[in-house]
Amino acid sequence: MDTSNDPKRILWMNVCALMGEPKPSIDAIVKRTKISRGTIQRMRDQKTSVGLDMLNEVAKAFGVRAWQLLVPGLNPNALPDLDRGAVRWPFRDIPLDVITKLQPEESRAVEQGLKIALAAAGVVWGGLRTGTGG
């Protein structure tokens with residue numbers, strides 16, 4: 001039986017992706033989500049369906065929307081957004097898979113470097129100029 005489109009499997013795979021590990025520890029997820037160990041174990045084992053309230057709690061813990069947890073192959077570095085439409089990778093010379101394979105500390109370093117580059121270019125977003133000059 002093909003389980004690749006099973007929402008319970010998709011949810012677990014996306015929790016793993018958001019944790020940044022293929023097999024995160026139950027304790028690490030419990031600490032992050034504040035959801036009981038038994039519930040997380042059942043989620044991992046795909047033994048139970050997760051209700052909307054629980055899905056919302058998981059989403060809140062990761063700073064995503066509940067529906068995003070059910071998107072197959074969720075990429076934490078390029079989350080889908082219904083408000084903006086599909087996310088298009090903007091960097092022609094940097095493959096997306098290079099970025100998605102970064103460890104959390106590497107991802108933070110890249111993000112910091114991008115912020116510095118944007119500031120140097122005087123890029124404005126959210127009504128704020130990122131550059132230091134006037």
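Throughout, read-outs are computed from the coordinates displayed, never taken from laboratory work. In this text the structure is predicted, and so the values were computed from the model without any measurement. FYI the Cβ positions are ideal-geometry reconstructions off the backbone, even for glycines, and counts take in every protein chain you see.
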TODO: Consider the candidate values [x] 32, 16, 15; [y] 29, 25, 18; [z] 33, 28, 11; state which one is semi-axes √(5λ) of the Cα gyration tensor in Å computed from the structure displayed.
DONE: [x]
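Is there a quick way to get the dipole size of the chain? I mean about its Cα centre, with the Cβ of Lys and Arg at +1 and of Asp and Glu at -1; what is the value in debye to the nearest 20? Numbers along the way, then the final one.
Details: 19 positive and 14 negative charges, 56 e Å.
Computed about the Cα centre, the dipole is about 280 debye.
So what's the back-of-envelope 222 nm ellipticity for the chain, counting only DSSP H runs of four-plus at -39500 (n - 2.57) apiece and dividing by all residues, rounded to 500? Kindly include the intermediate steps, with their values, before the conclusion.
Numbers: 6 runs with 64 residues, N = 134.
Dividing the helical sum by the residues of the chain leaves -14500 deg cm²/dmol.
Note down the relative contact order for the chain as a percent, whole number, built from C-alpha pairs under 8 angstrom at least six residues apart. Working shown, then result.
Values: 103 pairs, mean separation 25.1, N = 134.
Worked out over the chain, it gives 19 percent.
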TODO: Check the range 7-70 and count each lysine pair with an alpha-carbon distance under 19 angstrom, considering only pairs eight or more places apart or from different chains.
DONE: 8
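Within the chain, which complete DSSP H helices have Cα atoms spanning at least 24 Å along the helix axis and a mean Kyte-Doolittle hydropathy of -1.0 or higher? Write out the running numbers ahead of the final one.
Details: long enough: 104-121 (25 Å, 0.01).
Length and hydropathy pass: 104-121.
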- [ ] Under a 10 Å cutoff between Cα atoms, tell me which one of 117, 78, 61 has the largest fluctuation in the Gaussian network model of the chain.
- [x] 117
